[in-house]
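Quick note: the coordinates plus some simple rules give every number you see, no bench work behind them. Quick caveat, the model's predicted, so the values are computed rather than measured. Every residue, glycine among them, receives a Cβ derived from its backbone with ideal geometry; neighbour counts consider all protein chains shown.
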Amino acid sequence: MKLSTMTRAAVVTTVAATLLAGCGQGSTTDDPTDDATDDAAADEGEADDGEATDGAEETDAPAETGGEEASGETITLWLAGETDTPVELEEWLVTAFNEETGATLEVQRIPWGELLERANQALPDPDNTPDVIEMGNTQVPTYTSVGAFEDLSGLLGELGDIGPEGFIEAGTYEDTVYAVPYYWGSRYIFFDKAAFSDAGLEVPTTLEEFSTAAIALREAGGDGFSGLWLPGQDWRNGISWIFAHGGDIAVKEGDQWVGALSSPESVAGLTQWQELYAGASTAPQDGKDAEAWVPFNNGEAAMFMAPSWARWSVEETRAEDLGAFALPGVDGGVAPVFAGGSNIAISAQSQHKELAADLMRLIFSDEYQTMLAENGLGPANPEFTALMGDDEFAQAAISAAENAKLTPASSEWAAVETASVMEEFFGRIAGGEDVATVAAEVDTQLADMLNG
């Protein structure tokens, strides 16, 4: 089913056109030193505070901000998700930022479901924009393409050796980096070891064995029990079955995006996923991927699939028998999964770009990268990946990350997410509709949206 002109216009206008009008494509600079406008600086009373003024010498990167000159200033950091970044990391940033600069860091946690709408409203407005913003790696391409973020070229050299490369590509537009990786969190399987033992099951080594085990666990658990908690609209986990069979969501042919959900490979993966949902899960058809650990904590599921940081949401009483393994591939090994995680950027409309750059330096400091890794969040600097540990959870996360994939790198992808195209697609498959027919319809819809 093709998007109507009115629906598509609403999605794209909200995500892109508003930002173009407010931010101004091409208005970003080679480094975050310059203030948004002279008027903004005057409004802040910063004309003589030591920042760049007429005749000031330009530098390749923002000057470090001394505590005395920044005292009394406040900048805002938006963190995505209400619990994704652990509280202790937030507290460290607030304290370290104040000690380093003399300024105040205000952290606002924005629920994922509200992030795009609130970003669309705030980013074009110098008076209300967050100075630094975290966004999902699938969301940033739209914003980099319309000038919403500051050019980070002058700062990159100070951030160290960062990755994953796919995250850097997601934050790059026309060979310029506007958003850099914040953390990655590959998705893997969390399971109840006692449930496996009671059912006489071993950890599966192929995707077919995984389905068999999940169905057996549901049958052993009785009415209302899920062998695998698999909500019907959970596309972020569901696309792993597409990838595992060699399929894709969409591919670029020349300069055009073409939907790939109806390819034989994708249909094979989606069919296996449909059978798994029907046989192993009691999760609702319209359920999404939020808080998959809740039914596990409640004793309603033997397994769930989630990013690595979900481990810390499993209750103590359930954690005693908690195990982990990477989703197995069709013929063994590890299946390609969706690479969860975030990018982070400086708003092009920030009136405190030097302080924002100071915050970025702290985020990429050895101390903060260490804390990310020790809390199960894949650090942007691979030097610290080993600090995630060598237990089964760390090994599952690292193994899953090696073959992880992203959504199509189109600047229009955020419009796809805003319109809940993938949620509705997987929900229809979970409802028992013919996979090939629905996939062909959605391929047409994706091509229409991704090509602008």
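Ordering 281, 399 from the fewest to the most neighbouring beta carbons within 10 Å gives 399, 281. Over all pairs of different C-alpha atoms, segment 330-373 has a mean inverse distance whose reciprocal, the Kirkwood radius, equals 13.5 Å. Counting Lys and Arg as +1 and Asp and Glu as -1 over every other residue whose Cβ lies under 14 Å from the Cβ of residue 289, the net charge comes to -3. The calculated Kirkwood hydrodynamic radius for segment 59-190 is 16.2 Å, given to one decimal from all distinct C-alpha pairs. The magnitude of the dipole of segment 203-287, with charges of +1 and -1 set on the Cβ of Lys/Arg and Asp/Glu and taken from the Cα centre, is near 120 debye.
The 3J(HN,Hα) values that the Karplus relation (6.51, -1.76, 1.60; θ = phi - 60°) gives for segment 336-341 are, in residue order, x, 10, 5, 7, x, x Hz. Gly and Pro appear as x. Each of 337, 421, 389 was scored by the projection of its Cα onto the charge dipole of segment 327-452, and the greatest displacement toward the positive side belongs to 421; charges sit on the C-beta of Lys, Arg, Asp and Glu. About the centre of its Cα atoms, segment 347-402 shows a dipole size close to 380 debye [charges on the beta carbon of Lys, Arg (+1) and Asp, Glu (-1) only; nearest 20 debye]. Fully extending the segment from residue 255 to residue 436 would add 62.6 nm, taking 0.36 nm per residue of separation and subtracting the current Cα-Cα distance.
Counting 0.36 nm for each residue step from residue 194 to residue 114 and taking away their Cα separation leaves a gain of 25.0 nm. Here residue 91 and residue 290 are evaluated by their C-beta separation; at R0 = 35 Å the FRET efficiency comes out at 0.90. For residue 106 and residue 265, the FRET efficiency from 1/(1 + (r/R0)^6), where r spans their Cβ atoms and R0 equals 56 Å, is about 0.75.
Using just the C-alpha positions of segment 248-317 as equal point scatterers, what log10 of I(q)/I(0) does the Debye formula give at each q in 0.20 1/Å? Per q value, in the given order, log10 I(q)/I(0) is -0.93. For segment 269-278, the Karplus equation 6.51 cos²θ - 1.76 cosθ + 1.60, evaluated at θ = phi - 60°, returns couplings of x, 5, 5, 5, 5, 4, 5, 5, 4, 5 Hz by residue, with Gly and Pro reported as x.
With N the number of residues in segment 186-286, Rg(Cα) / (2.2 N^0.38 Å) evaluates to 1.21.
In this calculation the C-beta distance from residue 208 to residue 321 is compared with R0 = 30 Å, giving a FRET efficiency of 0.75. Protection proxy ranking for 413-420, 352-359, using the average of other Cβ atoms within 10 Å per residue and placing the highest first: 352-359, 413-420. Treating each Cα of segment 302-440 as one equal point scatterer and applying the Debye formula with no solvent, the log10 of I(q)/I(0) at q = 0.13, 0.20, 0.21 Å⁻¹ comes out as -0.83, -1.29, -1.32.
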